[in-house]
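Take a look at the structure below.
Coordinate-derived values only; no laboratory data. Predicted, not measured: the structure shown is a model, and the values here were computed from it. FYI the Cβ positions are ideal-geometry reconstructions off the backbone, even for glycines, and counts take in every protein chain you see.
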Amino acid sequence: MLHSNTVLAEKPACTSYPDIGLFINGQWIYDREVYQEVLNPSDETVLGVLPRASDEDLASALAAASRGFQVWRNTPPEVRVQVIRRAAGLLRERAEQIAHIITLENGKPLAQAKAEVERSANFFDWDTAELLRNYGTIVPSEPQMQKLILRQPIGPVAAFTPWNVPLSSPARKTSAALSAGCSIVLKAAEETPGAACALVQCFVDAGLPAGVLNLVFGDPARISSQLISSPVIRMVTLTGSVQVGKVLTKLAAEAMKPVLMELGGHAPVLIGDDVDAADLGRMAATAKTRVTGQICASPSRFIVHQNVYADFVSAFASAINEIKVGDGLDPATQMGPVATARRLAAMEGFVQDAKCRGARVAAGGFRVGTQGYFFAPTVLADVPLEADAMTSEPFGPLAACVSVASLDEALALSNSLSVGLAAYAFTNSLHDAERISRELDCGVLSINHFGAPGADMPFGGTKESGIGREGGLTSLDAYTVSKSVLQKTVRV
């Protein structure tokens, strides 16, 4: 991190990377202290610098969000839809440029970055359709009395988003908040600010009124404390770690504000003895290395029936050794670097811990090269249950494999952790599939594939993996409140 008195003096060194600014009340702000540099994880070069929002900036953002909410909530739904869909159209028009930004700052292959842009635009498509179906209810009542249940926007929202999906997470929260009629103050990840800036610019160019969408960067603890404690903010949402989620939830609870928390997991993969283990091993290699394993739904704990365990691990390791690791801008790259030096150190720590406890490294397990944060995709076999790789989410290209003798054992192991976000199961038994659907503790379960929900399905976790759901038919619910109106039709 740079010294706190360092001042932004020049544009980012990389001309294909945007200037990073705060966006408050319809204006970009660049002339602030530098909080930290933005690094390219593929070569560790400096892409740009991140401005630090001052207390005055945060106060301005809150005041802008308060004014913007009064404007936006009273904007006709059809007009809100037009503005939001124009922004989504600009996202698609600028997909190449924005995907390039994502790859530069996050490292994921360009094809995956382009897919993230399209996924982000899909959220706006879905939520604007839900906006037009955000009906209230008429309750049957006695004559000369009308009973209405209205669904109204909850108010200004404070949203905190992560570096692993630097566009789709800000897009998902912005989409739901704006569709519901809320204003928003977005605190995007310090490591990947360019994608959020690009998203905001799409809304600027689409004609969103000033103050409805605001973007801030800087010290996370100070920003979260100031935003959440403000009476302006009426709802808090985070996609991030369990630890941060607990901190923000506590801050929100102290101010009696609802939260929407999409937090970490440690996705189990249950593999029965009636599957093609070799074919599944090849599928697992692709799934595990998608986004370098840095997504909360990434398959992490492979819990395999002992009858097919050896074949699965062999095929998995062989396929994962064939994954081409490199710069995300190289069309031949299948997996980029991990996003930060912290994640690189974490991967090395997981491997060392597992080896010390008796696990076998079936593939990978080492840093690739000396420049950039590249780590070989890794398969650990025969991992003791107490190893860190089995108890803590690796959030990287690392898979831990264990064998079990029965579905009972597999379910018990899967449910043994305090988290429950995504899970996967592979079986040709309808009986087992039904039982897994009932008994596996998770918010999202994919059976016989490694896919994840899109905009049309709710996404979220159980236990410590979060509170609430994003997407699906209830995508706007967290951003609205119901109001019961009892109206006499005659004067007393």
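Things worth noting here:
- Exposure proxy ranking for F459, F160, based on other Cβ atoms within 10 angstrom of each Cβ and starting from the fewest, stands as F459, F160.
- Semi-axis lengths (Å, descending) of the ellipsoid that matches the C-alpha gyration tensor of the stretch 267-454: 26, 17, 16
- Alpha carbon centroid spacing (whole Å) that separates the stretch 69-143 from the stretch 262-303: 29
- Phi angles of the stretch 344-355 translate, via the Karplus equation with coefficients 6.51, -1.76, 1.60 and θ = phi - 60°, into HN-Hα couplings of 4, 5, 5, 4, 4, x, 4, 5, 4, 4, 5, 4 Hz per residue; Gly and Pro are given as x.
- Candidate lysines - alpha carbon under 22 Å from K246, same-chain residues fewer than 8 apart omitted: K173, K187, K257, K463
- Estimated dipole of the chain in Debye, rounded to 20 [Cβ of Lys and Arg +1, of Asp and Glu -1, Cα centre]: 1660
- Ranking A284, S183, A171 by Cα position along the charge dipole of the chain, where only Lys, Arg, Asp and Glu carry charges on their C-beta atoms, puts S183 farthest toward the positive end.
- Binned Cα-Cα distance frequencies in the stretch 191-253 - 10 Å width, integer %: 17, 43, 34, 6
- Beta bridge orientation in the chain: antiparallel %, DSSP, nearest 5: 45
- Based on DSSP H segments of at least four residues, each scored -39500 (n - 2.57), the chain has a per-residue ellipticity at 222 nm of -12000 deg cm²/dmol.
- Of H305, H449, H266, H100, the sequence from fewest to most neighbouring Cβ atoms within 10 angstrom is H449, H100, H305, H266.
- Residue exposure sequence - V338, V139 - by fewest surrounding Cβ within 10 Å: V139, V338
- Taking the square roots of 5 times each eigenvalue of the Cα gyration tensor of the stretch 261-303, largest first, gives ellipsoid semi-axes of 22, 13, 6 Å.
- Taking the charge dipole of the stretch 267-454 about its Cα centre, with +1 at Lys and Arg Cβ atoms and -1 at Asp and Glu Cβ atoms, the residue from P397, S416, A362 reaching farthest to the positive side is P397.
- What you get for the stretch 173-330, charging only the Cβ of Lys and Arg (+1) and of Asp and Glu (-1), is a dipole of about 760 debye around the Cα centre.
- Karplus-derived HN-Hα couplings along the stretch 34-43 (A = 6.51, B = -1.76, C = 1.60, θ = phi - 60°), whole Hz, x at Gly and Pro: 7, 8, 6, 7, 9, 10, 7, x, 7, 9
- Charge dipole (debye, nearest 20) of the stretch 267-454; +1 at Cβ of Lys and Arg, -1 at Cβ of Asp and Glu: 640
- Karplus-derived 3J(HN,Hα), 6.51/-1.76/1.60, for each residue of the stretch 309-320, Hz, glycine and proline x: 4, 4, 5, 5, 4, 4, 5, 4, 5, 4, 5, 6
- For the chain, the relative contact order works out to 17 percent when only alpha carbon pairs closer than 8 Å and six or more residues apart are counted.
- Of K288/K355; K108/K250; K114/K288, those spanning more than 25 Å from alpha-carbon to alpha-carbon: K108/K250
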